[in-house]
Amino acid sequence: MKVMENMYDEVLRYVLREPFLHPYTIHDIRHLRESTTVYACYEDDVLKGYALIFHSLRDHLSTIVDGEGDDAVSELFKYMSSRIPLKRAIIHVPIQYREIALRYVKPLSLYEAYSMYTTGDMLKEPLMKLNVLFMELTDLSGYEIPEFISRRIEYLGKTYGAVMGN
């Protein structure tokens, strides 16, 4: 396995095979490339996965890691964690790679979700299985813990209408 940086066009072609699963990746590569870093994982010159890091959030990086198999996802996490600080990041990863992700990061909170993108049809019976893991990593230095928690609960309540986690 080999990871290469800034392979925007290659990753875009890869995700366009199933665009409904990768709307944020497609949008960021097409419209916000200057705020985005992309890593591509290859095996024998075949793209097997990618990591996208969006840098324009005020307090956090937003990261998507996806791939075809444990080896590709593990290689992407290893490469990414050696190059960028993941102390303040929100990571989106398919739920089947939960254990791989947890080898490289220690999240403040985890949220299991249906998808990064869901249409009304996807929520009809039978419901899809939970398939995306949102991992929130936060360096609490510079925050008073009660202040951080109250700000976070307020944000989650306004954004999602309810606060759930494990």
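Residue pairs whose Cβ atoms lie under 6 Å apart, separated by 6 or more positions or on different chains, with the first residue in the stretch 5-18 and free of Cβ contacts under 8 Å to residues at least 24 places away in the same chain and the second surrounded by 11 or more Cβ atoms within 10 Å (Cβ to Cβ) and β-branched (Val, Ile, Thr), are LEU12/ILE29.
Yes/no matrix, rows are residues, columns are (1) at pLDDT 85 or above; (2) farther than 18 Å from ARG17 by Cβ; (3) of a type in the set (Gly, Ala, Ser):
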position: CYS41; (1), (2), (3): yes, no, no
position: TYR50; (1), (2), (3): yes, no, no
position: LEU57; (1), (2), (3): no, yes, no
position: ALA72; (1), (2), (3): yes, no, yes
position: ILE91; (1), (2), (3): no, yes, no
position: TYR97; (1), (2), (3): yes, yes, no
position: ALA101; (1), (2), (3): yes, yes, yes
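Yes or no, residue by residue, for (1) touching a Gly at 6+ places or on another chain (Cβ under 8 Å); (2) under 20 Å from ARG98 (Cβ atoms); (3) not charged (D, E, K, R):
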residue: ILE29; (1), (2), (3): no, no, yes
residue: SER35; (1), (2), (3): no, no, yes
residue: VAL38; (1), (2), (3): no, no, yes
residue: GLY49; (1), (2), (3): yes, yes, yes
residue: ALA72; (1), (2), (3): yes, yes, yes
residue: TYR79; (1), (2), (3): no, yes, yes
residue: SER82; (1), (2), (3): no, no, yes
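The values are calculated or read from the model by the stated rules, or taken from the named source; none is laboratory data. Model, not experiment: these values are computed from the prediction. Ideal geometry is used to build each Cβ from the backbone, glycine not excepted, and the neighbour counts take in all protein chains shown.
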